[in-house]
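Colleague: Following this message is one structure expressed as structure tokens.
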Amino acid sequence: MRYEEFREKVHKLPFFRAYILEQLQEKPEALKVQLSHWVKKGLVIKLRQGIYTLNDSQRSCKFTNYFLANNLYSPSYISLEYALQFYGFIPEGVFVVTSISTKKTENFDNQFGRFQYRTVKLNVYRHFIEHKDIYGNRFYIASPEKALLDFLYFATAHIKKIKSDIFEESFRLQNLENVDCNKLIKYAEAYEQKKIISTAKMLVDYITEEWQS
């Protein structure tokens, strides 16, 4: 199959999986060899094993890393530092796209960046909401309260004694005036860990004193 013919079949897709080759040609093995050649030429981008996309000039649809992260490894939703940046809760720029999944911890590097996935138990995999990126693609991201809790769950895992100044001094949390403190406590209870529940209560005290007073 010539590249022009292949492009015509997939250019409207934001990404495609390797099994599509079996639908495009009777002898998919030959097409797999061609696909590797197109990757080397830069016409096709390998996102991870078995998932590809055409480069920006060859693809007729666009997407952001929010959309890509959800589809690169699923089930997953954007959370942790990347979600905190999305909501303006931290001042720093975040260059690793961080997500939560029920599957094992993973990292993927490709032309679009680094994508990191942290694992939580099924009973904690909740309280994410649907958004659309600037191109109209749907993606899932933790609610503001869940993003904070996911972050605290991992960021404080190895801290024996948590002090209230950690939210401002170490994590530099900001713009918390619209956080729902009732949801924070309710969502924290789902982790079924005394540490995250007590940390959430400390965060509520910090929010009400510094941001909602």
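Colleague: Based on what the data block shows, is residue 14 at pLDDT 95 or above and touching a Cys at 6+ places or on another chain (Cβ under 7 Å)?
Modeller: Values: at pLDDT 95 or above: yes; touching a Cys at 6+ places or on another chain (Cβ under 7 Å): yes.
Criteria met by residue 14.
Colleague: Please go through segment 110-129 and pick out each residue that is aromatic (Phe, Trp, Tyr) and closer than 22 Å to residue 183 by Cα. Break it down stepwise before answering.
Modeller: So in segment 110-129, the residues aromatic (Phe, Trp, Tyr) come out as 112, 115, 117, 125, 128.
Scanning segment 110-129 gives 125, 128.
Colleague: Just for segment 122-173: of the residues that are hydroxyl-bearing (Ser, Thr, Tyr) and farther than 18 Å from residue 190 by Cα, which one is surrounded by the fewest Cβ atoms within 10 Å (Cβ to Cβ)?
Modeller: Step by step, filter segment 122-173, then rank; the result is 135.
Colleague: For residue 59, only one of the following conditions fails: (1) in the same structural domain as residue 172 (by TED's automatic domain parsing); (2) at pLDDT 95 or above. What is its number?
Modeller: (1)
Colleague: Among (1) closer than 30 Å to residue 62 by Cα; (2) hydrophobic (A, V, I, L, M, F, W, C); (3) out of contact with any strand residue (DSSP E or B) (no Cβ under 9 Å at 6 or more places or on another chain), there is one condition residue 142 misses while meeting the rest; what is its number?
Modeller: (3)
Colleague: Could you list, in sequence order, the residues of segment 171-213 that are of a type outside the set (A, V, I, L, M, F, W, C), modelled with pLDDT of 95 or more and not in a helix (DSSP H, G or I)?
Modeller: Within segment 171-213, 172, 174, 175, 177, 178, 180 qualify.
Colleague: Which of the residues spanning segment 168-213 are of a type in the set (Ser, Thr, Tyr), closer than 23 Å to residue 86 by Cα and within 25 Å of the chain's Cα centre (by Cα)? Reasoning before the result, please.
Modeller: Filtering segment 168-213 down to residues of a type in the set (Ser, Thr, Tyr) leaves 170, 187, 191, 198-199, 206, 208, 213.
Next cut, closer than 23 Å to residue 86 by Cα only: 170, 187, 199, 206, 208.
Passing the criteria: 170, 187, 199.
Yes/no per residue for (1) buried (at least 16 other Cβ atoms within 10 Å of the Cβ); (2) more than 14 Å from residue 156 (Cα to Cα); (3) assigned by TED's automatic domain parsing to the domain that holds residue 150; (4) out of contact with any Asp or Glu (no Cβ under 6 Å at 6 or more places or on another chain):
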site: 175; (1), (2), (3), (4): no, yes, yes, yes
site: 178; (1), (2), (3), (4): no, yes, yes, yes
site: 182; (1), (2), (3), (4): no, yes, yes, yes
site: 187; (1), (2), (3), (4): yes, yes, yes, no
site: 190; (1), (2), (3), (4): yes, yes, yes, yes
site: 196; (1), (2), (3), (4): yes, no, yes, yes
site: 200; (1), (2), (3), (4): yes, no, yes, yes
site: 204; (1), (2), (3), (4): yes, yes, yes, yes
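Colleague: A further question on this structure: List pairs: first in segment 126-154 and under 30 Å from residue 202 (Cβ atoms) and free of Cβ contacts under 8 Å to residues at least 40 places away in the same chain, second small (Gly, Ala, Ser) and surrounded by fewer than 23 Cβ atoms within 10 Å (Cβ to Cβ), Cβ under 6 Å, 6+ apart or cross-chain?
Modeller: As it stands, the answer is 129/143, since those pairs meet every condition given.
Colleague: Need pairs with beta-carbon distance below 7 Å; first residue under 22 Å from residue 137 (Cβ atoms) and within segment 7-29, second of a type in the set (Val, Ile, Thr) and in a helix (DSSP H, G or I); sequence gap 6+ or separate chains.
Modeller: Partner pairs satisfying both residue conditions: 16/10.
Colleague: Just checking, does segment 140-149 include any residue being among the β-branched types (Val, Ile, Thr) and under 17 Å from the mean Cα position of the chain (by Cα)? Walk me through it before giving the result.
Modeller: Going through segment 140-149, the residues among the β-branched types (Val, Ile, Thr) turn out to be 141.
Checking the rest, the ones that are also under 17 Å from the mean Cα position of the chain (by Cα) come to 141.
Yes - at least one qualifying residue is present in segment 140-149.
Colleague: From the list 115, 154, which one is within 14 Å of the chain's Cα centre (by Cα) and under 26 Å from residue 49 (Cβ atoms)? Can you show your working first?
Modeller: On the way: 154 fails: within 14 Å of the chain's Cα centre (by Cα).
Answer to the selection: 115.
Listed here are the residues, each with its yes/no results for (1) modelled with pLDDT under 95; (2) within 23 Å of residue 176 (Cα to Cα).
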residue	(1), (2)
93	yes, yes
108	no, no
131	no, yes
135	no, no
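The values are calculated or read from the model by the stated rules, or taken from the named source; none is laboratory data. Computed from a predicted model, the values in this text were never measured in an experiment. Methodologically, a virtual Cβ is constructed for each residue, glycine included, from the backbone with ideal geometry; neighbour enumeration extends over all protein chains shown.
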